[in-house]
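Working notes, structure below.
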């Protein structure tokens, strides 16, 4: 217990120490660059435990590690400055005052860039290559003629080194023309593709417009569904979930290959080899053993959609969660979903697309059970609540019907240009986190979201310990996230924060005379009360979350 307490305290100090240091260092460096005298640089509050004067500045370490400060000459209008009055902050031009106060929050934005950069440099050595596994029908990629196995090598003449890099660039360009270069069978081909706009909700439930190419990195196995009990496939013993490994002696690797091969067989006999999973109980759970089988099918004339009775398993339901919306609507394991919202279902991802725009509406599903007739169901997505390692509750949409979908990605490849990749990834990650935090703050200020997500020092202590337990990567990501929070919060135009000082200087520039000491005191007192109220709410949240 004592060891755990010491670890948590150490983790807390390792979390807030760098944040305070870099924030105050930003102010200090900016002050020295514009020749404002820095009287004291303190990490922590209270009487100094350790202090050393270097030049004109006293550097201190104080016992209360909940903040820090840089004492500047002329920081308050009442400061006279004495013999160094010409180096007072009050005697500096407006841009210099802005620079000094903005430098602290700016340092909190630079820190995550550095943290993310070193994280990506050290940890990201292998990446998923930008090789197309599946092309979704009716999408920009399908219209541009992209095919399974194509490698996306460049977008707008910039090299693409990984699947995530490609996806990020496309996501930032909804309805914008992109010059996409692909590699197919050793040849380079150029395509002009305009990603379609889709709306997705982020972790804070804020709707965001994103570009969508219409490709998936997954190669789906040739897993089949069998719906008709009178079909050749069913009569020969094939069942939904079987995986075809060869057709007429030719190996089959993906479901798309299987569909193409079946389409050219005509009414000739089809010889198949397939695998079927058999469950065997063992220590620690049930193990799947795949047994190989053979079958010979004679396609039916006039067999409709599938003369052999073999259908892709991707639109079949593998399992249904008990008590889920799908279960309550009457869906069953083994059913095939024929259409959703009036659209024929060809890929399971279409369900997500439809619900992304009709999240709170009931959607019509046409489903069919093996040997049965199609039937119409209507259901609305539910939500599931889950708790992360920091005890924060999250909600995620819940259908409760799970597809068949054995799949694999292209093998990982060594990352080319690790340093430039890390720089780009660090900027992208910082921008995404900053945008998410800002969106959450705006929703809170406009009362679209409650204040239950606010956290205080109690919460920082708790999450620091839990992130420390998860390892260095998680801890570094926490430092980056909290630092970005401090960047945004400190720039809010609230007296006693850096943004409040910037507001005072702006008002004085407009009025062309300084605010009275009384006005500053009243504004600062109001800002302090506001901050204390937020801290009380945040502390209450943390007590309910981590203690009670």
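All of the numbers you see were taken from the coordinates with simple rules; none came from a lab. Just so it is clear, the model here is predicted, and its values are computed rather than measured. For neighbour counting, all protein chains shown are included, and Cβ atoms are generated from backbone atoms with ideal geometry for every residue, glycine included.
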How many nm separate the modelled label positions at residue 544 and residue 446, each set 7 Å beyond the Cα in the direction of the Cβ? 2.4
Measure nothing fancy, just the Cα-based angle from helix 498-511's long axis to the longest principal axis of the chain, in degrees from 0 to 90, nearest 10. 60
Along the Cα→Cβ direction, 7 angstrom out, place labels at residue 91 and residue 528. What is the inter-label distance in nm? 2.9
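Relative contact order for segment 316-407: what percent, with Cα pairs under 8 Å and sequence separation of 6 or more?
Relative contact order of segment 316-407: 34 percent.
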Helix 2-33 sits off the longest principal axis of the Cα atoms of the chain, rounded to the nearest 10 on a 0 to 90 degree scale, by 60
So if I take the centroid of the Cα atoms in segment 464-529 and the same for segment 227-241, what is the distance between those two points in Å? 67
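Pulled fully out, how much extra length does the chain show between residue 327 and residue 267, if you take 0.36 nm times their separation in residues and subtract their Cα-Cα distance?
Working: separation 60, 0.36 × 60 = 21.60 nm, distance 3.92 nm.
In short, 17.7 nm is gained.
With the Cα gyration tensor of segment 1-158 in hand, give its eigenvalues times 5 under a square root as the equivalent ellipsoid semi-axes, listed largest first in whole angstrom.
Working: eigenvalues 478, 127, 28 Å².
Listed largest to smallest, the semi-axes of segment 1-158 are 49, 25, 12 Å.
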What angle, in degrees between 0 and 90 and rounded to the nearest 10, separates the Cα long axis of helix 418-445 from the longest principal axis of the Cα atoms of the chain? 80
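Starting from the coordinates of the alpha-carbon atoms of segment 106-248, obtain the Kirkwood hydrodynamic radius over all distinct pairs and give the value in Å to one decimal. It would help to have the intermediate numbers written out before the result.
On the way: mean 1/r = 0.0548 Å⁻¹.
Radius from the Kirkwood sum: 18.2 Å.
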Order the peptides 118-128, 382-392, 304-314 from the highest to the lowest mean number of other Cβ atoms within 10 Å of their residues. 304-314, 118-128, 382-392
Taking the convex hull of the alpha-carbon atoms of segment 220-313 and averaging its shadow over every direction gives an area in square nanometres of 6.3
Divide by every residue of the chain the summed helix terms, -39500 (n - 2.57) for each DSSP H run of at least 4, and state the resulting mean residue ellipticity at 222 nm, rounded to the nearest 500 deg cm²/dmol. -12000 deg cm²/dmol
Just subtract the alpha-carbon distance of residue 7 and residue 292 from 0.36 nm times their residue separation and send over the number in nm, one decimal. 97.3 nm
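With a ≥ b ≥ c the root eigenvalues of the C-alpha gyration tensor of segment 395-543, is it rounded (a/c under 1.5), prolate (a/b larger than b/c) or oblate? Don't skip to the answer; put the middle values down first.
On the way: a/c = 2.44, a/b = 1.82, b/c = 1.34.
Prolate, because a/c is 1.5 or more and a/b exceeds b/c.
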Modelled FRET efficiency - R0 60 Å, residue 14 with residue 346, Cβ distances, 0.05 increments: 0.75
Compactness relative to 2.2 N^0.38 Å, alpha carbon Rg of the chain: 1.27
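In the chain, what percentage of the DSSP-assigned beta bridges are antiparallel, given to the nearest 5?
Details: 80 of 84 bridges.
Here the antiparallel bridges make up roughly 95 percent for the chain.
Given the peptides 181-194, 466-479, 327-340, arrange them by the average over their residues of other C-beta atoms within 10 Å, most packed first.
On the way: 181-194: 13.9, 466-479: 16.4, 327-340: 18.1.
Answer by packing, highest mean first, reads 327-340, 466-479, 181-194.
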The FRET efficiency for residue 48 and residue 164, from their Cβ-Cβ distance with R0 = 56 Å and rounded to 0.05, is 0.75
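Multiply the residue separation of residue 66 and residue 35 by 0.36 nm, subtract the distance between their alpha-carbon atoms, and state the gained length in nm to one decimal. Please list the in-between numbers first.
Values: separation 31, 0.36 × 31 = 11.16 nm, distance 2.82 nm.
Gain on extension, residue 66 to residue 35, equals 8.3 nm.
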Work out how far the C-alpha atoms of segment 316-407 reach from end to end along every principal axis, then list the three figures in whole Å, largest first. 48, 27, 26
In whole percent, the Cα-Cα distances of segment 134-217 spread across 10 Å bins from 0 upward as 18, 54, 22, 5, 0
Find the centroid of the Cα atoms in segment 1-32 and in segment 330-406, then give the distance between the two in whole Å. 46
